[in-house]
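The structure under discussion appears below in the form of structure tokens.
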Protein chains: 2
Amino acid sequence: MSFADNLKYNSDGLIPAIIQDVDDNTVLMMAYMNKDAVIATVETGKTNFWSRSRQKYWIKGESSGHIQEVKEIFYDCDADTLLIKVKQHGGACHVGYRSCFYTKVNKDGSTETVGEKVFDPDQIYKK
Amino acid sequence: MSFADNLKYNSDGLIPAIIQDVDDNTVLMMAYMNKDAVIATVETGKTNFWSRSRQKYWIKGESSGHIQEVKEIFYDCDADTLLIKVKQHGGACHVGYRSCFYTKVNKDGSTETVGEKVFDPDQIYKK
């Protein structure tokens, strides 16, 4: 897994991964991977991340079924950011939206919600 | 500038900003902003960043002329990542490519360069 060795991880051993829809290039979310999560993502073909808040691995969709099939992987000129194009099953955002970037900043500094919910989190995530 | 106050900055006071082409949704680059850079980005309509390596502000295009006109600003459900849609003048990557994500990882773990250079850095950046 030569490329995972060549990435530049931050002082916490993490690299940010931008997740983009392979079909229409919508940016769905950004989350962090450590080296093992990068390797697991390649080997399983599904996005694996490291949760900074929970300090554990997580597979996108492990609770919701909303997995991300990995289609293409890129990294940037500094080798410190990943861009992963995926086929998203269900919605990417745990709040219920297709993309986590559903808050738009208006020119006057106020914000508005854009996009519609594609699932009901109360029904998807068992409590 | 209420929304800049509501963003969650990391322990270095920074928030990652994904820069996306407003026309075709290509992800061009990712860089970091502190709160003042967020405010300057909104007020000037051009992307401003904080350089972690140089510990100084920089305006995208200040040397190259390859500015990014800010068209839309979003932030994610955790308020810890920005997504900024821009009209990119010239190329976004200092190496000469349109996007910094010009390195693609193949299924066997090898990498290849995708995309073509849109400018010659030696001619654009004065030495």
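Computed from the coordinates by the stated procedures, all read-outs in this text should not be read as laboratory data. Remember, it's a predicted structure, so these values are computed and weren't measured experimentally. We place every Cβ from the backbone using ideal geometry, glycine too, and count neighbours over all the protein chains shown.
One quarter of the surface of the convex hull around the alpha-carbon atoms of the protein assembly as shown equals 13.5 nm², the direction-averaged projected area.
For the rotation that carries chain B onto chain A, the axis lies closest to a Cβ at B:ASN25, 2, where the number is the distance in whole Å. For the protein assembly as shown, the share of DSSP beta bridges that are antiparallel, to the nearest 5, is 85%.
Legend: residue pairs B:LYS60/B:LYS85; A:LYS35/B:LYS35; A:LYS60/B:LYS60; A:LYS8/B:LYS87; A:LYS8/A:LYS56; A:LYS35/A:LYS56, Cα-Cα distance threshold 22 Å; pairs beyond threshold, A:LYS35/B:LYS35; A:LYS60/B:LYS60; A:LYS8/B:LYS87. Rounded to the nearest Hz, the phi-derived 3J(HN,Hα) couplings of the stretch B:31-43 under the Karplus curve 6.51 cos²θ - 1.76 cosθ + 1.60 (θ = phi - 60°) are 8, 10, 10, 9, 4, 5, 5, 4, 5, 5, 4, 5, 6, where x marks glycine and proline. Using a Gaussian network model on chain A with a 10 Å cutoff between Cα atoms, which of A:ALA17, A:ALA37, A:ALA79 fluctuates the most? Maximum fluctuation in the GNM of chain A, among the listed residues, is at A:ALA79.
Among A:2-9, A:41-48, what's the highest-first ranking by average C-beta atoms within 10 angstrom per residue?
Values: A:2-9: 14.5, A:41-48: 18.2.
With the highest mean Cβ count within 10 Å placed first, the list reads A:41-48, A:2-9.
In nanometers and ordered shortest first, the copy-to-copy spacing of the A:GLY45 label point, defined 7 Å from Cα toward Cβ, is 4.7. Here the dipole of the protein assembly as shown is about 360 debye; that uses its Cα centre as origin and unit charges on the Cβ of Lys and Arg (positive) and Asp and Glu (negative).
With an 8 Å cut-off on Cα pairs and a minimum separation of 6 or more residues, tell me the relative contact order of chain A in percent. Don't skip to the end; give the middle numbers.
Working: 248 pairs, mean separation 27.5, N = 127.
It rounds to 22 percent for chain A.
Converting phi to 3J(HN,Hα) with the Karplus coefficients 6.51, -1.76 and 1.60 and the offset θ = phi - 60°, the stretch A:70-78 yields 6, 10, 8, 10, 10, 9, 8, 4, 8 Hz in sequence order, with x at every glycine or proline. Distances between equivalent label points of B:GLU69 across the copies, with each point positioned 7 Å along Cα→Cβ, amount to 3.9 nm, shortest listed first.
Sorted shortest first, the distances from the A:GLY13 label point to those of the same residue in the other copies are 2.9 nm; each point sits 7 Å from Cα along Cα-to-Cβ. What separates the Cα centres of the stretch A:31-74 and the stretch B:68-85 is a distance of 23 Å. DSSP beta bridges fully contained in the stretch A:2-94 are about 80 percent antiparallel. Neighbours of A:THR41 by Cβ distance under 13 Å: Lys/Arg scored +1, Asp/Glu scored -1, total +2.
Using a Gaussian network model of chain A in which every pair of alpha carbons under 10 angstrom is joined by a spring, one finds that among A:ASP76, A:ASP21, A:ASP36 the greatest mean-square fluctuation is at A:ASP76.
If you place +1 on the Cβ of every Lys and Arg and -1 on the Cβ of every Asp and Glu, how big does the dipole about the Cα centre of chain B come out, in debye to the nearest 20?
In total the dipole reaches around 380 debye.
Taking B:GLY96, B:GLY13, B:GLY109 as the candidate residues, the one with maximal mean-square fluctuation in a Gaussian network model of chain B, Cα springs under 10 Å, is B:GLY109.
For A:ASP76, the residues whose amide H sits under 5 Å from its own are A:THR81, ignoring neighbours fewer than 5 places away on the same chain, with H placed 1.01 Å from N. Counting only other chain Cβ atoms within 10 Å of each residue's Cβ, the peptide A:102-112 averages 5. Exposure proxy shown here: for B:TRP58, A:TRP50, the number of other Cβ atoms within 10 Å sets the order, fewest to most, as B:TRP58, A:TRP50.
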